[in-house]
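Only one structure is covered here, and it is reproduced in the block below.
The values are calculated or read from the model by the stated rules, or taken from the named source; none is laboratory data. Please read these numbers as outputs of a predicted model, since none were measured by experiment. As a convention, Cβ positions derive from the backbone with ideal geometry for all residues, glycine included, and neighbour counts pool all protein chains shown. Heavy atoms of the whole protein, side chains included, go into the accessibility calculation; ligands, DNA and RNA do not. Shrake-Rupley method; radii C 1.70, N 1.55, O 1.52, S 1.80 Å.
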Amino acid sequence: MRTVSLTVNGNPVEEEVEPRLLLSDFLRHELGLTGTHVGCEQGVCGACTVLVDGETVRSCLTLACQADGTAIQTVEGLAPNGGLNVLQRAFQENHGLQCGFCTPGFLMAATALLERNDDPSEEEIRDELSGNICRCTGYTGIVRSVQAAALQLREGTVTASEGTAG
Amino acid sequence: MEINNEFTVQAPVSQAWAILTDVERIAPCIPGFQLEEIEGDEYRGTMKLKIGAVVMSYASRLTFVEKDESEHRVVMRGGGREQRGQGTVDATIVSVLEAAGDNETRVNVTATLDVTGRIAGFGRSIMGDVSARLIDQFVQCLETRVMAGSS
Amino acid sequence: MKPAPFEYHAPETSVEAASLLREAGGDGKILAGGQSLLPLMNLRLARPSVLVDLRRVQGLDGTLANGGIRIGSMVRHGQVQRSHEIQSRVPMLTEAMRHVGHPAIRNRGTLGGSIAHADPAAEAPLVAVALGAELVALGPDGTRTIQADDFFQGPFMTALADDELLTEILFPEAPASAGWGFREVARAHGDFALVAVAAVVSVEDGRLRDARIAVAGAADRPMRIAAAEQALEGAAWDAGTRSDVEQIVRDALSPAGDSHASAEYRKSVAGVLAARALDDATKATGSTA
Amino acid sequence: MTTSLPIDHELHPAGAQYVGAKINRVEDPRFLRGEGRFVDDMSLPGMLHAAFLRSPVAHANITSIDTSRAAALPGVTAVFTGQDLEAEGIQPIVSRAFLPGMGDNLREPLPTKKVRYVGEAVAVVVADSRYIAEDACELIDVEYERLPAVIDPEGALDPGAALLHEDLPANLIGRKSESHGDPERVFAEADHVFSHRFVHGRVAGVPIECRGVIAEYDRGREGFLIYSSTQIPHLTRSVAAECFGLAESDLQVIAPDVGGGFGIKAHPYIEEVVIPFAARRIGRPVKWIEDRYEHLSSAVHAKELVMDLELAVAADGTFLGMRGRYNANAGAYGCFPQTGMVDAMCAATLLPSLYKVDHVSYEILAVYTNKCMTGTYRGVGWGAGHTAREVLIDDAARALGRDPLELRLQNCIPSEPYRSVVGMNYDGGSYQESMEQARDALDYDALRERQAKLREEGRYIGVGFSPFVEPAGFGSKAAAAVGQKHQVTYDWGSVTLEGDGTVTVRMGFHSHGQGHETTFAQVAADQLGVRMEDVRIKYGDTEGVPYSTGTFASRSGVIGSGLIMRAGGDVRDKLLRLAAHLMEVSPADIELSGGKAFVRGAPDTARTIKEVAQYAYFGPGSRQLEGDMALTSTRSYDPPESYSNGTIAVVVEVDPETGKVTIERTVAIEDCGVMLNPTIVEGQVAGAVAQGIGGALYEEFVYDDDGNFLSGTLLDYLLASSMEVGPIEVHHIETPSPVTDGGIKGMGEAGTLAAPAAVLNAVADALSPFGVTFTSTPITASLIRDAVAAKREGEQ
């Protein structure tokens, strides 16, 4: 067993983990943060995407012990006040989800994109999200959601990671 | 999957025949093979196949099905089962020797491979390349070590 | 789909990492970014008994420009892609990174990890071969430098010994007269290459010089096509040369077909992409050949 | 659009304000916050974890299984094999024969004698963690005696072929022929006959959430609680109850949030029997979460068909007749309840589609092979048959020198209700209009001009059209129309006005992306005049909701809305009487809207529906009303056949040297009758189209000749990303169904059904200078380039 200490959604966490424990399983089953979903454990579908030190990472291709000393953000951390932030609200207003299973991964990928670039072209959005598979929406609603969120971010004063009550 | 390979060794047919039908002498040349015991006509050992990070260990056995000295044809059958996991490898290897000169023998090897388990499900076909490479290593070793040592 | 158990180490120096590998006696693996290794471990196709994580090792994550550029093996694909220094010295590498997986993969995957993994269809090994990179390996007995041409030995097989790790990749300085091209066809965006071609060439007095052409995805390793390089030496880049090179590249390869593409496809498209990469390369020289 | 319909209640009663509006989904916030509850998010006290050992070989006798090393591993609680289940009398899952000469297919939950495909579960390990369970699987020693693998469907019936099921005389699942009109004559007389053999690739829905089961046994009540990621909790309960020999209500099946289904989760599976069995034996809850390899190798595949099609055409382009032979490579077992016949039957019965043809014959057969069993996937065999037919029509148009759209329009049925020669009762639509609208949306003439111009520059763009009719609102009559008379459907639901004025709808239709919590709330709110936020839609728990065959085959929208209209109408009538009683007016004068009841024309008289409900529940005065005043009603609905229609058009650019296809534009014209919520319709269309594009270009389960499974990862079975799919434009036509409640038609499958033909036709159109045609899916880059190269070589 190894001790890992890190922060998850701003909260300090220290746990003993088996070296082979995947970060996805650590978040879901040790910390109870089941919003991060597991779709393939092959590094392809992107459902398990979380932010590690601000960058998108496949949590199924990361060992929990590799996350020692990092700051992790999951979907539960997007709008800590229980509401929806700009991006989440845009997903609801633009039909950016159907079954909702891939959604947390898309939200995290889009968050990373909008943090870097609040005026992405449609092509840039599609490219940035191409590592996340959605089997329901045909991506149309997702791309529109990210565009809508970007527009609001450009017009308003909020940042992508800021939670605003919905 | 069938793999065909032809090589020549610097030795007369009779000598090459003696070596190629002697498992204990060729075993060290089989890449990844560790001969562990011989019972009657059956040779048992561990075959470790290493393709980068992918390592498959098979509990293996090898028997001669046919040894026809007059035709210089030998048929071996080998089988292995993953030591962890459920996959198997079965191979039938037909080798035919032919004089290519006074002190040179051409060896034609046809291996028919039947692989099951997760390695067989590797969608990108690398097994062909891997097998070809293993046979290359085998031949090289055979030429340099065994033949050199025996002549 | 969970990894088999292993012993885990996160040493602080590369020397320590190498000795841990030696102690593991062939059953140890380096964990760099893990983006190739962990899928194999989850599938239990890879099951190292010892995993040596390089995340705490100092000095592997920097770049140093000095004519050419030295890139630490733990520099991540995303960092390579965003580095202006790398883009100004090895723009082909920057371009190639666009084709490596997806952003989340590039955020973790490392240049050294990709090269050491030696996937015959991967971009980083292809660029290393095309540009004649030197690969610095560190073992318990010290370091050695391996030419890219000698480094890749087969599918997922390299010249690295079981107890060696890759510490640095050295890309030589490109001559001012050189241009480059990089072309790839994948089944889908970010997927592994069906075929990729990297080419560099110089133009002097309207003649092509010092061409280097390498192909990925169509052989058991990233492969230089020497016959094509020779055919270009001193030639002009015209329709005849172009179609000759396409044919030479095609004939130089004997790939296997699989469920993703036929053998004929890989051969033929390698030729097509070689010609297109050379179009780009000659154009990039700014001279007419 | 309003309709006057032969139904007992209106979709738009007076005061209705929700149905037909673009309304944001009410279920979204929980998913957006990561607060959905999927099976793997559940944890029960004392829960253990299971992993299955699966067959590495395609066909073999099991000669022995030694579980001792696995059972001895620390952390392992138990290992079970087929022998353990057999010893306790657990019955096989039966998919029943429904044609003469067909045999029942019995599937043991774990096989005792043979394995029949790579990925078939052989044993289950239960341990403290999934990690340990997987460690233990590696320690189970199974001896297999290999048998020849049957892979090719055309060879499966050869006398020498290995037999998969010893209790059956051959590998034949079933066979059926039909002939309508006089096809022999018209084919003999036709000026042109076009034919091809089209092989449709093996695909599946591949939801991002794999399947999963948690089971707990209640020893005292001798019953099970089963959580499963399924589209059909009631059918799952029925099948599991039968396997265990228990009463239906001894089992409670809960399908919580489900991460996509697409038909794959519309079958009961052996894990839904084995995991409860393990939980009962051990006495602790057991969880199994299907991993992606298990899903790809062992959840149902679909649509692998070898199709021989012929089209007889008169000199002027009139379609005279169609003939088809459909052979389904249906895999090792029969899916419940449709059997392996489902794809071939669906493909064949839709052969004439929206074309006026009076002479049609077909032969349908399905065979057992050593591959994963096939089942349903969005669009089922309709899609495969559609692709084969529409590609042949494009080939015919090229050969005749006719524009493919004009040729289709010439042969298209009229908009009025129409009975096809095979006996399908189309309920009217916009068959021709949808094609014309697609043509206009593309600016077709300009597109053809651009195509010609680009060709001069050595660039190849192409356009493909795919007009469709889509059997939808799948009830018993629709099932019969596609040859599945045995698939009786049964659905009921209830509407209740609670004492606080909120409305609870209980239905068995599971929602796994369809947005039922929104659309059905729209329907219910309009029925009772309440605000949408006061409606709750309950589904997924067999204890909590009435029986339903489940959500698949575009059936929930039609049947669920019909149920709500019927049951809601009953409650509405009582609500009106109560309000009238309370307000001392006549029920005929009351209007319900916006959560209020008021005298028509006098909004200031309003009482809130909450007040009326409280009056009903708690107000003594309401007891003076006579008759049954329960503010709840449970009704069933089995709708007549109804058919959506539309056209999908795709514009592509193709690189003939690399075979790379870029989708430039996708236009989808959708006519699904009266829409409940256009936003959701558009989402369904776009999602289905994306899956169709995937099936056309990328997706295929591949087996080698020995039956090894080559598509065990998502790197092998390739799903299209946002870069491949491109923008999808959806346009609506709204032709109300004259036969269904509310004029609603089911929808959601058309994109998957029809987009592949549009893509194949567009690529062939782009490459028409080379004379390339396609006879299989998927058309991968390699296949496209190689086809062009073959044509070029042929010319030299």
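Here are a few things to note about the model shown:
- Scope region A:1-44; condition in a strand (DSSP E or B) and either away from chain D (no Cβ under 14 Å) or open to solvent by 50 Å² or more (accessible area, probe 1.4 Å) (or both); matching residues: A:2, A:3, A:4, A:5, A:6, A:7, A:11, A:12, A:13, A:14, A:15, A:16
- Residue within region D:465-485 that is open to solvent by 30 Å² or more (accessible area, probe 1.4 Å), modelled with pLDDT under 95 and either in contact with a helix residue (DSSP H, G or I) (Cβ under 8 Å, 6 or more places away or on another chain) or aromatic (Phe, Trp, Tyr) (or both) present: yes
- Any hit, region D:14-24, residues being open to solvent by 50 Å² or more (accessible area, probe 1.4 Å), under 23 Å from residue A:141 (Cα atoms), modelled with pLDDT of 95 or more and not polar (S, T, N, Q): yes
- Some residue of region B:85-93 being among the hydrophobic types (A, V, I, L, M, F, W, C) and surrounded by fewer than 16 Cβ atoms within 10 Å (Cβ to Cβ): no
- Checklist (1) in contact with a Gly (Cβ under 8 Å, 6 or more places away or on another chain); (2) open to solvent by 30 Å² or more (accessible area, probe 1.4 Å); (3) among the hydrophobic types (A, V, I, L, M, F, W, C) applied to residue B:49, failing item: (2)
- Of the residues making up region C:1-21, those that are part of a loop (DSSP other than H, G, I, E, B) and within 14 Å of chain A (Cβ to nearest Cβ) are C:1, C:2, C:3, C:4, C:5, C:6, C:10, C:11, C:12.
- Being assigned to a helix (DSSP H, G or I), open to solvent by 20 Å² or more (accessible area, probe 1.4 Å), among the β-branched types (Val, Ile, Thr) and in contact (Cβ under 8 Å) with a residue 24 or more places away in the chain is a property that residue C:115 lacks.
- Lone qualifier among A:69, A:100 - being in a loop (DSSP other than H, G, I, E, B) and open to solvent by 10 Å² or more (accessible area, probe 1.4 Å): A:69
- Failed condition for residue C:45, given (1) free of Cβ contacts under 8 Å to residues at least 40 places away in the same chain; (2) within 14 Å of chain A (Cβ to nearest Cβ); (3) closer than 17 Å to residue C:162 by Cα: (3)
- Taken over region B:110-143, residues that are of a type in the set (Ser, Thr, Tyr) and either at pLDDT below 75 or within 18 Å of residue B:50 (Cβ to Cβ) (or both) amount to 2.
- Qualifying helices (runs of 4 or more DSSP H) (wholly inside region D:682-796; at least 2 residues being within 14 Å of chain A (Cβ to nearest Cβ) and over 22 Å from the mean Cα position of the chain (by Cα)): D:722-725
- Residues of region A:137-153 satisfying the condition of being open to solvent by 10 Å² or more (accessible area, probe 1.4 Å) and in contact with a helix residue (DSSP H, G or I) (Cβ under 8 Å, 6 or more places away or on another chain): A:140, A:147, A:148, A:152, A:153
- Residue in region B:53-68 that is more than 27 Å from residue D:70 (Cβ to Cβ), charged (D, E, K, R) and either in contact with a helix residue (DSSP H, G or I) (Cβ under 9 Å, 6 or more places away or on another chain) or open to solvent by 50 Å² or more (accessible area, probe 1.4 Å) (or both) present: yes
- Whichever residue in region D:486-517 is of a type in the set (S, T, N, Q) and more than 20 Å from the chain's Cα centre (by Cα) and, among such residues, is most open to solvent (accessible area, probe 1.4 Å): D:502
- The residues of region A:57-104 that are more than 7 Å from chain D (Cβ to nearest Cβ) and closer than 19 Å to residue D:511 by Cβ amount to a single one, A:96.
- One residue stands out among those in region C:209-264 that are more than 14 Å from chain B (Cβ to nearest Cβ) and assigned to a loop (DSSP other than H, G, I, E, B): the one that is farthest from residue C:177 (Cα to Cα), which is C:225.
- Against the list (1) touching a Phe, Trp or Tyr at 6+ places or on another chain (Cβ under 6 Å); (2) open to solvent by 50 Å² or more (accessible area, probe 1.4 Å), the condition residue D:632 fails is (1).
- Any hit, region D:561-577, residues being more than 21 Å from residue D:506 (Cβ to Cβ), out of contact with any Lys or Arg (no Cβ under 8 Å at 6 or more places or on another chain) and open to solvent by 10 Å² or more (accessible area, probe 1.4 Å): yes
- Strands (runs of 3 or more DSSP E) (entirely within region D:407-507) containing at least 1 residues that are under 19 Å from residue D:765 (Cα atoms), touching a strand residue (DSSP E or B) at 6+ places or on another chain (Cβ under 8 Å) and among the aliphatic types (A, V, I, L, M): D:460-472
- Out of C:183, C:187, C:207, one residue alone is touching a residue at least 24 places away in the same chain (Cβ under 8 Å) and under 15 Å from the mean Cα position of the chain (by Cα). It is C:183.
- Qualifying residues in region C:177-208 (those that are part of a strand (DSSP E or B) and acidic (Asp, Glu)) - the one farthest from the other protein chains (Cβ to nearest Cβ): C:204
- Count of region D:123-171 residues, restricted to those that are touching a residue at least 12 places away in the same chain (Cβ under 8 Å) and assigned to a helix (DSSP H, G or I), is 7.
- Taking the criterion of being in contact with a Leu (Cβ under 6 Å, 6 or more places away or on another chain) and away from chain B (no Cβ under 12 Å), no residue of region D:45-72 qualifies.
- Residue B:38 open to solvent by 60 Å² or more (accessible area, probe 1.4 Å) and without any contact (Cβ under 8 Å) to a residue 24 or more places away in the chain: yes
- Any chance residue D:647 is over 30 Å from residue D:790 (Cα atoms), surrounded by fewer than 18 Cβ atoms within 10 Å (Cβ to Cβ) and away from chain C (no Cβ under 14 Å): no
- Some residue of region C:22-33 being within 20 Å of residue B:55 (Cβ to Cβ), part of a strand (DSSP E or B), small (Gly, Ala, Ser) and in contact with a Leu (Cβ under 8 Å, 6 or more places away or on another chain): yes
- Output for region D:530-554, where each listed residue is closer than 21 Å to residue D:22 by Cβ and in a loop (DSSP other than H, G, I, E, B): D:530, D:531, D:554
- Among the conditions (1) in contact with a Phe, Trp or Tyr (Cβ under 8 Å, 6 or more places away or on another chain); (2) under 26 Å from residue C:48 (Cβ atoms), residue B:33 misses just one, which is (1).
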